[in-house]
Amino acid sequence: MDTLKNLFSSEGYSLEESFKTKADFIKGWRCYLGRTTSNPTALRNSRNVKKTDTAEYEGYDWYAPSSAESLLESNGLWLEDPTQGYLANYNKGCENISDLIKDSDNDSVILDVKYITKPEGKTDATQTLATLRIEGKKIYNGGVFIMDVNQIPYACGSWPAFWLVGSEPGQWDESITKVNLEWPNYGEIDIIEQINGNGENFTTLHTKENCKTVGSINGKPVDYKEEGSDAGDSSVSDDCNKGDGAIGCSLHMGSGTGGELDSEGGVYACEWIPDDSIKFWFWKRSDVPSTLTADMSTVDTSQWSSTATVYTEHNLKESCSENYFQNLHLIINTTVCGQWAGNTPNETGDCKWEVPGNNKTLMDGCMNYVMSNALKGPDMPELAQWRWDIRYLNTYTNKSSLSYWKVGIPAAVLLIIIIALFVYMSKSKAPPRPLSRLTNTQ
């Protein structure tokens with residue numbers, strides 16, 4: 001029984017990747033940057049795309065990878081942003097994207113933004129922000145993911161996220177467009193997702209059809225008949241394909257788990273055990289245990305729930321088999337307005353906007369708000385609200401040969417059969433083994 005228990009143990013995770021400096025991010029990630037509402041059809045699926053200067057696509061410029069040893073290493077570019085946000089073209093493009101990643105004076109990494117003004121003589125180009133979307137190069141099929149932050153973007157109109165999304169093996173580098181079209185067939189796990197600085201973090205799964213989870217918040221099972229945004233409730237169903245996957249199954253961590261984070265920051269963590277569960281933890285700065293540090297070479301998640309400020313869990317055992325989450329990549333991005341933040345203005349307080357006119361949308365109203373109310377010009381203090389300030393990002397995988405996500409279901413079943421056969425044979429009438437074989441274990 002101890003062998004079977006260890007098969008599903010939360011212990012035994014070893015460090016896979018660690019990002020603490022600008023150099024770490026430059027080496028281990030790749031970039032996407034560009035305007036998102038449209039793109040030149042001719043550039044779809046293209047490789048080594050250079051800047052376009054076609055009047056028809058004014059303001060929709062794309063840049064290709066230029067270095068095999070940096071963020072830019074990729075055969076595929078995201079020519080579309082599925083969040084439908086508003087991003088400016090940045091005239092230095094991905095070729096100089098590293099100037100949006102900075103080492104701070106406080107031993108952290110800043111993921112910055114750029115304020116882009118209307119090009120001279122270009123009356124129809126929109127003033128807006130150039131923000132980062134960076135993607136991890138490694139593929140994960142289980143593990144633990146930890147991000148310690150001083151700040152997450154919390155400005156009105158911001159939609160920051162730290163998440164994982166899957167694809168067919170090899171497809172990520174071959175056809176980003178196909179990855180987008182096939183979403184959410186290989187799953188998505190949202191560890192950090194917040195909008196408009198509203199002070200709450202959402203932990204959400206997005207999958208193809210027929211994946212339903214059993215959710216809990218702080219150990220309390222969620223009653224999906226009730227709706228609410230406070231810890232202990234959920235405003236969405238247990239169907240992770242709700243809205244064809246766009247809504248998914250979300251567990252809300254409650255107030256104080258997002259936004260400005262009391263100006264102190266905190267730690268977010270996720271453990272993904274395929275076919276078993278996906279768990280999330282948040283510690284505000286004063287609750288972070290002394291054992292949870294950037295220098296951990298191994299982690300044991302078994303005691304985290306007793307120290308966490310808030311923890312949520314999606315139980316996958318009922319209907320979410322391993323093929324719902326496959327070959328996941330890490331992503332960090334900040335959308336400007338977009339489908340969720342742009343369509344969800346606050347009813348009271350800040351972050352209020354309306355549809356600005358005929359043939360316009362709430363997202364357009366959000367963009368007008370950001371440009372007219374939140375931002376006044378380059379290098380203004382308001383830009384600080386759009387930045388990520390990350391102390392470290394660590395990932396861990398289970399190296400054990402008995403690791404559930406390494407051996408897979410068939411091997412796990414085979415192991416159970418072997419153990420059962422051994423127990424049966426040990427109880428048979430076969431002659432007992434010599435005593436020395438039982439006692440001399442050294």
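Data overview
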quantity	calculated
Separation in nanometres of the label points that stand 7 Å from Cα toward Cβ, at Ser319 and Asn358	4.6
Highest to lowest packing among 251-262, 214-225, scored as the average C-beta count within 10 Å	251-262, 214-225
Across Lys137/Lys284; Lys27/Lys114; Lys137/Lys208; Lys27/Lys137; Lys208/Lys242, pairs whose alpha-carbon gap is larger than 20 Å	Lys137/Lys284; Lys27/Lys114; Lys137/Lys208
Highest-first arrangement of 156-163, 187-194, where packing means the average Cβ count within 10 Å	156-163, 187-194
Summed residue charge, Cβ within 10 Å of Val214's Cβ, Lys/Arg positive, Asp/Glu negative	-1
Principal axis dimensions, largest first and in whole angstrom, of the range 288-349 by Cα	41, 35, 23
Alpha-carbon Debye profile of the range 238-317, log10 I(q)/I(0) at 0.13, 0.14, 0.15, 0.26 Å⁻¹	-0.49, -0.56, -0.63, -1.29
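Any read-out appearing in this document is the output of simple, stated calculations on the displayed coordinates, not a laboratory observation. Given the structure is predicted, the values throughout are model-derived calculations rather than measurements. Ideal geometry is used to build each Cβ from the backbone, glycine not excepted, and the neighbour counts take in all protein chains shown.
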